[in-house]
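Note sheet for the following structure.
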Amino acid sequence: MTGVLEGVRVLDFGRYIAGPYCGALLADLGADVIRIDKLAGSEDRYVGPIGDDGTGAGYVQMNRNKRGITLNPMKPEGREIVRRLVETADVVIANMPTETLVAMGLDYDTLRGYKEDIIVTNTTTFGDVGPYKNRVGFDGIAQAMCGSVYMAGTPEQPQRNISPYVDFSTAMASTIGTMAALTEKERTGKGQHVTSNLLSNALSMFNGSLIEQSVTGVNRVATGNRGQLSAPTDIYKCKDGSMLVQVVGQPLFARWAELMGEEHWLTDPRFKDDVSRGKHGNEISARMQNWCEDRTVDEAVRACESVRIPCGPVYAPQQTLDDPHIQEMNYLKEMEYPGIKGPTPVADIPVNMSVSEIGIRHRAPLLGEHTDDILSELGFSANNLASLRKKRVI
């Protein structure tokens with residue numbers, strides 16, 4: 001079997017998550033993805049250090065299956081290497097503001113001049129139109145501006161999600177766009193500019209609440225973990241931890257009411273539908289909390305599962321790693337990386353295919369690990385490489 005994207009070459013100038021994870025997914029699908037680092041290592045390489053050289057946990061995840069080179073594209077010789085690399089490539093990824101791309105010579109117009117059918121995938125925080133287009137930002141900024149942070153936590157303390165879901169969703173959107181561009185290129189021979197931004201993806205995920213606000217003017221405020229459109233939907237404390245229960249729809253509520261011994265609530269007009277139950281969520285959650293207090297998490301989960309009520313334990317990270325179901329899924333691939341003590345559990349591509357061979361094949365590259373190999377493929381001699389190193393180009 002071969003990878004879906006075997007024969008496709010991608011140059012990854014991405015940083016942090018939105019760009020590099022798009023590159024990782026393309027690499028998981030079989031593309032030859034080349035990570036281009038600064039000479040001393042790009043800033044995202046060292047976030048959350050776990051290695052002897054400061055290599056970060058996120059870098060190990062985002063750059064699996066890639067080859068790596070170091071390069072300074074701001075020097076004339078570096079620009080020439082970029083040109084020669086682009087001539088061999090199908091896709092270039094970069095998640096930087098437009099003015100930065102232009103300064104580095106990585107904007108679409110410049111790269112299209114090197115290769116007319118190149119596909120350039122750019123990710124920014126705010127997009128390329130509007131008064132914020134040249135602002136920089138991270139995942140949390142988009143969470144805050146889409147309304148999500150306001151609706152999390154409490155009115156006194158808004159809460160961002162610690163998991164950078166906007167970054168990851170933007171990377172996935174960019175991957176979809178890049179795959180579509182590759183399909184179009186195969187059909188017409190034309191490359192194109194693929195763009196995505198964090199704010200658009202955050203707005204997409206919070207769109208239901210924005211639609212509700214626009215139409216009804218409901219002006220909701222945060223209610224912590226308690227859901228507002230159904231009940232019981234909340235996190236509940238048990239004797240030895242916490243669990244989350246999410247009941248949506250009449251059949252689930254009927255089963256929950258029977259489990260609680262509150263069948264009479266099924267005829268109570270306060271609880272006639274999801275919206276009504278959401279409005280009276282405090283009372284419903286209080287009943288669920290009273291039930292949970294006398295049970296361990298395991299006992300409560302098993303009881304809910306026995307009547308098919310969606311629920312799950314609230315895990316600390318180590319509990320997640322130790323969970324037998326997660327272990328049996330074999331989704332977290334244990335990989336060795338030089339200078340990191342013990343294997344790293346790297347999350348595989350979150351999709352399976354019955355015929356195509358996809359997924360993690362090898363670890364993320366060391367800093368500049370494949371520089372000589374890749375530039376030799378472009379025709380650079382050993383003397384050329386030595387000269388470029390002396391000039392601090394590579």
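The values are calculated or read from the model by the stated rules, or taken from the named source; none is laboratory data. No experiment lies behind these values; they were computed from the predicted model shown. Cβ placement follows ideal geometry from the backbone for every residue including glycine, while neighbour counts extend to all protein chains displayed.
Condition check for residue 144 on (1) more than 13 Å from residue 22 (Cβ to Cβ); (2) hydrophobic (A, V, I, L, M, F, W, C); (3) surrounded by fewer than 21 Cβ atoms within 10 Å (Cβ to Cβ); (4) in contact with a Cys (Cβ under 9 Å, 6 or more places away or on another chain): one failure, at (4). When each of 187, 226 is tested for being touching a residue at least 24 places away in the same chain (Cβ under 8 Å) and either among the basic types (Lys, Arg) or closer than 30 Å to residue 169 by Cβ (or both), the lone residue that passes is 226.
When region 144-179 is limited to residues that are of a type in the set (Gly, Ala, Ser) and in contact with a Leu (Cβ under 8 Å, 6 or more places away or on another chain), the one that is farthest from residue 194 (Cα to Cα) turns out to be 147.
Annotation note: of 277, 270, 308, the sole residue that is under 18 Å from residue 243 (Cβ atoms) and either outside the structural domain of residue 252 (by TED's automatic domain parsing) or of a type in the set (D, E, K, R) (or both) is 308. For region 190-212, a tally of residues being among the polar types (S, T, N, Q) and free of Cβ contacts under 8 Å to residues at least 24 places away in the same chain returns 1.
Looking only at region 233-247, count how many residues are within 17 Å of residue 299 (Cβ to Cβ) and in a strand (DSSP E or B). Count: 9. Scan region 158-191 residue by residue and report those that are of a type outside the set (Ser, Thr, Tyr) and in contact with a strand residue (DSSP E or B) (Cβ under 6 Å, 6 or more places away or on another chain). Residues satisfying the conditions are 173, 177, 181, 191. Out of curiosity, is residue 230 closer than 28 Å to residue 316 by Cα, out of contact with any His (no Cβ under 9 Å at 6 or more places or on another chain) and assigned to a loop (DSSP other than H, G, I, E, B)? It is true that residue 230 is closer than 28 Å to residue 316 by Cα, out of contact with any His (no Cβ under 9 Å at 6 or more places or on another chain) and assigned to a loop (DSSP other than H, G, I, E, B). Taking residues in region 382-394 that are under 12 Å from residue 81 (Cα atoms), and partners anywhere that are crowded, with 16+ Cβ neighbours inside 10 Å and of a type outside the set (A, V, I, L, M), the pairs with Cβ atoms closer than 7 Å and at least 6 places apart or on different chains are 388/77; 393/72; 393/77; 393/78; 394/70; 394/371.
Let's see how each residue does on (1) closer than 30 Å to residue 54 by Cβ; (2) in contact with a strand residue (DSSP E or B) (Cβ under 8 Å, 6 or more places away or on another chain); (3) of a type in the set (A, V, I, L, M); (4) surrounded by 14 or more Cβ atoms within 10 Å (Cβ to Cβ):
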residue	(1), (2), (3), (4)
316	yes, no, yes, no
322	yes, no, no, no
332	yes, yes, yes, yes
360	yes, yes, yes, yes
364	yes, yes, yes, yes
370	yes, yes, no, yes
381	no, no, no, no
394	yes, yes, yes, yes
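For region 193-212, a residue qualifies if it is in contact with a strand residue (DSSP E or B) (Cβ under 7 Å, 6 or more places away or on another chain) and buried (at least 19 other Cβ atoms within 10 Å of the Cβ), and the qualifying residues are 194, 196, 197.
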